[in-house]
Amino acid sequence: MRMRKRKILYAAAVILSVLVIFFCAKETVMSRNKSGNKAEKQYFAAMETNYYADLAKLLGDKGYRNSGITIRWVSEEAGRRDYTVMIHHRNMKLLDETEKEELMRELAETEFQDERCTFHYEFLIF
């Protein structure tokens, strides 16, 4: 009886040890993935900051100083990012379709060049 109890305790200890080793190995792999994501997040944060500054400068030069600029992005699992850029200024309601298309073309020229990113523009008119 005593021998059987020892075998059960030994088996439980082995199983527990294997689970601890598995958990530690999994966390090490997860940690490495997170550091890779951190570098990517820093890259995109720097690009987005410069992009925002370029947008604000372009809009200011066009006479839309103090425009509201909202940049939203959705990240897909494959690493792609879809950006939606919303711009609002009360004088934009005065633009006709041709002028809006021209402004969108100029805004598209300020986009940062990364093949994983797509941009969409919206003018919010109140």
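The values are calculated or read from the model by the stated rules, or taken from the named source; none is laboratory data. Being a predicted model, the structure only gives us computed values, none of them experimental. Because the Cβ atoms are built from the backbone with ideal geometry, glycine has one as well, and the counts that use them run over all protein chains shown. Just so you know, the surface numbers come from the protein's heavy atoms only, side chains and all, with ligands and any DNA or RNA stripped out. Shrake-Rupley method; radii C 1.70, N 1.55, O 1.52, S 1.80 Å.
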Evaluated over the chain, the Cα radius of gyration and Dmax, each in Å: 26.7, 91
Mean Cα-pair separation over length for the chain, i.e. relative contact order, pairs under 8 Å, 6 or more apart, %: 21 percent
Carbon and sulfur %, accessible surface of the stretch 36-102 computed with the full protein complex present, 1.4 Å: 47 percent
³J(HN,Hα) computed for each position of the stretch 4-21 - Karplus, 6.51 cos²θ - 1.76 cosθ + 1.60, integer Hz, glycine/proline x: 5, 5, 5, 5, 5, 5, 5, 5, 5, 5, 5, 4, 4, 4, 4, 5, 5, 4
From phi via Karplus (6.51, -1.76, 1.60), per-residue ³J(HN,Hα) for the stretch 54-65 in Hz, x at Gly/Pro: 5, 4, 4, 5, 4, 5, x, 5, 7, x, 10, 4
Helix axis angle, 97-108 relative to the chain longest principal axis, alpha carbon, degrees: 50 degrees
Cβ-based net charge around Ala12, under 15 Å, with every Lys or Arg adding one and every Asp or Glu removing one: +4
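Could you state the accessible area per residue of the chain in Å², with a 1.4 Å probe and every protein chain left in place? Intermediate values should be presented prior to the final figure.
Working: 9740 Å² over 126 residues.
Spelled out: the 1.4 Å probe surface of the chain, per residue, equals 77 Å².
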Cα-Cα P(r), the stretch 61-126, percent of pairs per 10 Å interval: 19, 50, 24, 7, 0
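Check the chain and count each lysine pair with an alpha-carbon distance under 24 angstrom, considering only pairs eight or more places apart or from different chains. Walk me through the numbers before you get to the answer.
Working: Lys26/Lys34; Lys26/Lys38; Lys26/Lys41; Lys57/Lys93; Lys57/Lys100; Lys62/Lys93; Lys62/Lys100.
Lysine pairs satisfying the spacing and distance rule in the chain number 7.
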Summed residue charge, Cβ within 14 Å of Arg65's Cβ, Lys/Arg positive, Asp/Glu negative: +2
Kirkwood hydrodynamic radius of the stretch 49-88, from inverse mean 1/r over distinct Cα pairs, in Å: 11.2 Å
